[in-house]
Amino acid sequence: MSILQQKTIAAISTPSGIGAVGMIRLSGREAIQVAGRIFKPYDPKRSLEKLAGYTGALGKIYRLDGTPVDEAVAFVYRSPKSYTGEDVVELCCHGGTWAVRQVLRLCLEAGASPAGPGEFTRRAFLNGKMDLTQAEGVMDLVSARGEAAMRAALAMREGSLSKQVDAFCQALLEQSSHIAAWTDYPEEDLIPVDPAELQTAVEDVLSQIQGLLKSGERGRLIREGAATAIIGKPNVGKSTLMNLLAGEERSIVTQIPGTTRDVVEETVAVGGILLNLMDTAGIRETEDTVEKIGVERSLKRLESADLILAVFDGSDELSQQDIRLLELLRGRLCIGVVNKNDLPSRADRQKIQQALGTVVEISAYTGAGREELEQAILEALELHRVDTTAAMAMGERQMDCLRKAEQCLREALEALEQGMTLDAVAVCLDAALDHLLTLTGKRVTDAVVDQVFSRFCVGK
């Protein structure tokens, strides 16, 4: 059965709680009729059945027995020029919790069925209004927690990734079709397959896919935020730095060594990029049982950190604890943060730079050097010049499809190099093509579709 023939669905599409406006969305063949049973316009000439697409009417919501419930504006979007490709009605009432729920209840009593998570966008996908990457862009747009994530999600929603993948598919399809025609119809006067040209074409697609794979890590950081550990010995200013970046007192600051005994976490925005900050317990030898557990947790967090901010007291000479920390961090993506530059300098900055590469001087107390630190963070993560409008892989599903396509193309090139038949090469190309079509949703199983839309909220 076509999706257009399925039940009419309804859901609240605005966040729960008290607000100025709440919106209930309906979609399906009978969306206009269902909404019309509970909504009556002030102007009888503007009944929902008579409204053109992309127009609205002011009126009231009524119970089925004729009792008024709320004033509302109804907007009509007619198939196929709607978000879902079906007839859609959006009822905008007052945003009180009771009012919105009551209107939804009336929609269900009038004949609609409750929408599942992401069902509106799922219908848009199934009705050809968007491909699977664009649907994922919708979800990323809804859940974006930073400016860069929002821009990247919007670009994906508008088809930045799908357009590039479609180009890959077209290039591989041309090569595979040429091979099939040449091998299946040798008696025809066809242009022979040139192995050198075939190799060049495959290498070109492979190179572009590898470029997308490289963008995947940056995409993850933009989408999820960079796990950033603040580490150092006690009393070097880790918690003060945490509070500076967070813009509030998230960590307790005292002169007592070992004040921070566990990992304190906070999410902050730096240059439109999210940092998932972790203020860790001071790294030192201790007999205090609780503090020792905190130190162990801090060291464990280092293993999963995308970036480490190693803090040193610039007003004091490097201690043995500092030296051991430098050795521990050697080879890691790390920024040396020399704190307390408002005090006379005594720390060996050159030694820190030799071990870590990048050193920034700040005063976490006064805020001096904050801009320089934020710029160093963006450069370390290679996010300072990222074009968020360009095609970018943003999720593990997308990355998995690209990795599998990459492997198939490598196998195709190996088959060419080993002088295998063109049929063997074509098998590899077709397999790569299949993975790319799975990426965009043009060739996809119900299980994959279910996986994608399972993380959507109800009402979207």
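Miscellaneous remarks
- Residue, nearest to A148 (Cα to Cα), within the range 192-229, restricted to residues that are within 20 Å of the chain's Cα centre (by Cα) and β-branched (V, I, T): I222
- From the options G66, G59, residue that is small (G, A, S), in the same structural domain as F125 (by TED's automatic domain parsing), at pLDDT 95 or above and over 26 Å from P117 (Cβ atoms): G59
- Among the residues of the range 91-115, those identified as β-branched (V, I, T) and buried (at least 18 other Cβ atoms within 10 Å of the Cβ) are V100, V103.
- Y83 vs. criteria touching a helix residue (DSSP H, G or I) at 6+ places or on another chain (Cβ under 8 Å), surrounded by fewer than 21 Cβ atoms within 10 Å (Cβ to Cβ), assigned by TED's automatic domain parsing to the domain that holds G28 and of a type in the set (F, W, Y): yes
- Restricting the range 434-455 to residues that are without any contact (Cβ under 8 Å) to a residue 60 or more places away in the chain and of a type in the set (S, T, Y), the residue that is surrounded by the fewest Cβ atoms within 10 Å (Cβ to Cβ): T445
- Where helices (runs of 4 or more DSSP H) sit wholly within the range 93-163, those with at least 1 residues that are farther than 30 Å from R385 by Cβ and modelled with pLDDT of 90 or more occupy 97-109, 119-126.
- Residue in the range 263-270 that is of a type in the set (A, V, I, L, M), at pLDDT below 75, touching a helix residue (DSSP H, G or I) at 6+ places or on another chain (Cβ under 6 Å) and not in a helix (DSSP H, G or I) present: yes
- Scanning the range 326-355 for residues that are assigned to a helix (DSSP H, G or I) and under 30 Å from the mean Cα position of the chain (by Cα) gives a single hit, L329.
- The C-beta contact set for the range 53-64 (first residue in a strand (DSSP E or B), second residue aromatic (F, W, Y), distance under 6 angstrom, 6+ apart or interchain) comprises G56/F75; L58/Y42; G59/F39; G59/Y42; I61/F39.
- Screening the range 423-433 for residues that are in contact with a helix residue (DSSP H, G or I) (Cβ under 8 Å, 6 or more places away or on another chain) and surrounded by fewer than 20 Cβ atoms within 10 Å (Cβ to Cβ) and picking the one that is nearest to L172 (Cα to Cα) gives D430.
The values are calculated or read from the model by the stated rules, or taken from the named source; none is laboratory data. Just so you know, these numbers come straight off a predicted model, no measurement behind them. Note that each Cβ is placed from the backbone with ideal geometry, even for glycine, and that neighbours are counted across all protein chains shown.
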